[in-house]
Amino acid sequence: MLNFWNENGYLIIENFKTEEECDSLIERSIKLIEEQDFFNQKSVFDTVSQSHNDDSYFLESGDKIRFFFEEKAVLNDENIKSNKQYIVNKIGHALHDLDDSFIQFSKNEDLDQIAKAIGFEDPKLLQSMYIFKQPKIGGEVVCHQDSTFLITEPESTVGFWFALEDANKENGCLQVASGGHKGPLRKLFKRDNNKMEMIELSNEPFPETDTFVEVKKGSLVLLHGRLPHYSCENKSSKSRHAYTLHVIEGKSKYLDYNWLQRKNLKTGGFVDV
């Protein structure tokens, strides 16, 4: 297991969560949406145009539960009232600290042991995202490295990506550049006062993200912070719900120019006493 992780920069652990655990999280996400009144909030998450980058609703969501729409969603009154669960792109970014269902899913000894098996000494849960990848309109996520957006010194970010539904080529599964984590960090998303800028660190092109990570419901996929990864639009009739935790090393320094700041929450681990 460790050899594969070190060589490829990703790792699949099948059957990590039960179908019941996945279904429970899906139901909770839908309930959270149904409880919202979106008439005064229409923040869109779009990695192609990056239109959310200077959006205060997005930039101040590190210690909150907030909702972001699909770029191709029709945000009319009817959809916002009656079809809410089909127009949301994602929920973020502190579900793992603020909602009991997500806390239960995110924090346990098994995850702590996995984190330590791949090299963490003091794993800390920095960010959580529920991603819907809606049928027909689920947006493309452009090729990127997670450490671009969540940087520590020394680098330590790892994504824990849970498949809550089957993920395949048809509904926009993850695609990774196997072994690409050995290359340089290409960009850094840096906060300057209340403005964000994307700084180029290396002009070396990304390798092809030609490894399709097709996984069954309940699988856990680990993603190294430097691993280039991507997912295409979901043009199929089936959603591709997933839940992601981004974990950092507690002994590393989390840099204050990161976009995500947790002003009102301390950053805890998988098994805080």
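Taking H as built 1.01 Å from N, whose amide H comes closer than 5 Å to the amide H of Leu174, not counting residues under 5 places away?
Amide H neighbours of Leu174: Val213.
Explain nothing, just compute: Karplus ³J(HN,Hα) = 6.51 cos²θ - 1.76 cosθ + 1.60, θ = phi - 60°, for every residue of the range 239-250 in order, whole Hz, x for Gly and Pro.
Taking θ as phi minus 60°, the curve returns 6, 9, 5, 8, 10, 10, 10, 9, 10, 10, 7, x Hz for the range 239-250.
What whole number of Å gives the distance from the Cα centroid of the range 170-197 to the Cα centroid of the range 222-238?
The distance from the Cα centre of the range 222-238 to that of the range 170-197 comes to 11 Å.
Given H placed on each backbone N at 1.01 Å, which residues far from Gln261 in sequence or on other chains put an amide H within less than 5 Å of it?
Those lying under 5 Å, H to H, from Gln261 are Gly62.
Could you order peptides 100-109, 119-128, 210-219 by the average number of other Cβ atoms within 10 Å of their residues, highest first?
My ranking of the peptides, most packed first, is 119-128, 210-219, 100-109.
Enumerate the calculated ³J(HN,Hα) couplings along the range 173-183 in order (Karplus 6.51 cos²θ - 1.76 cosθ + 1.60, θ = phi - 60°), each rounded to whole Hz, writing x wherever the residue is Gly or Pro.
With the stated coefficients, the range 173-183 comes to 5, 4, 10, 10, 9, 4, x, x, 5, 7, x Hz.
Per DSSP H run of at least 4 residues, take -39500 (n - 2.57); add these up for the chain, divide by its residues and hand me the 222 nm value, nearest 500 deg cm²/dmol.
-5000 deg cm²/dmol
Any idea what the dipole of the chain comes to, in debye rounded to 20, about its Cα centre with Lys/Arg Cβ at +1 and Asp/Glu Cβ at -1?
Once rounded to the nearest 20, the dipole reads 340 debye.
Residue farthest toward the positive end of the dipole of the range 2-254, with Cβ of Lys/Arg at +1 and Asp/Glu at -1: which of Leu223, Gly138, Phe67?
Working it through, the farthest residue towards the positive pole turns out to be Gly138.
Taking R0 as 25 Å, what's the FRET efficiency between Asp122 and Ser236 from their Cβ-Cβ distance, rounded to 0.05?
The pair Asp122/Ser236 has a calculated efficiency of 0.05.
Using 0.36 nm per residue, how much length does the chain from Asp256 to Glu14 gain when fully extended, once their Cα-Cα distance is taken away?
83.6 nm
Per the Kirkwood formula on distinct C-alpha pairs, the Rh of the range 2-254 is how many angstrom?
Computed over the range 2-254, the radius equals 18.5 Å.
Could you work out the relative contact order of the chain, using alpha carbon pairs under 8 angstrom and six or more residues apart, expressed as a whole percent?
In percent, rounded to a whole number, it is 29.
Ordered by residue, what ³J(HN,Hα) values in Hz, to whole numbers, does the range 117-132 give under the Karplus form 6.51 cos²θ - 1.76 cosθ + 1.60, where θ = phi - 60° and Gly and Pro are x?
For the range 117-132, the Karplus-derived couplings read 5, 9, x, 5, 9, 9, x, 10, 8, 8, 8, 9, 9, 9, 10, 8 Hz, x marking Gly and Pro.
What residues have an amide H closer than 5 Å to that of His144, excluding those fewer than 5 places away on the same chain, when H is modeled at 1.01 Å from N in the peptide plane?
Under 5 Å from the amide H of His144 lie the amide H atoms of His229, each far enough along the sequence or on another chain.
No lab work stands behind these numbers, since they all come straight from the coordinates. Predicted model, so just to flag it, every value in this text is computed and none were measured. Cβ sites come from the backbone with ideal geometry, for glycine too, and all protein chains shown count toward neighbours.
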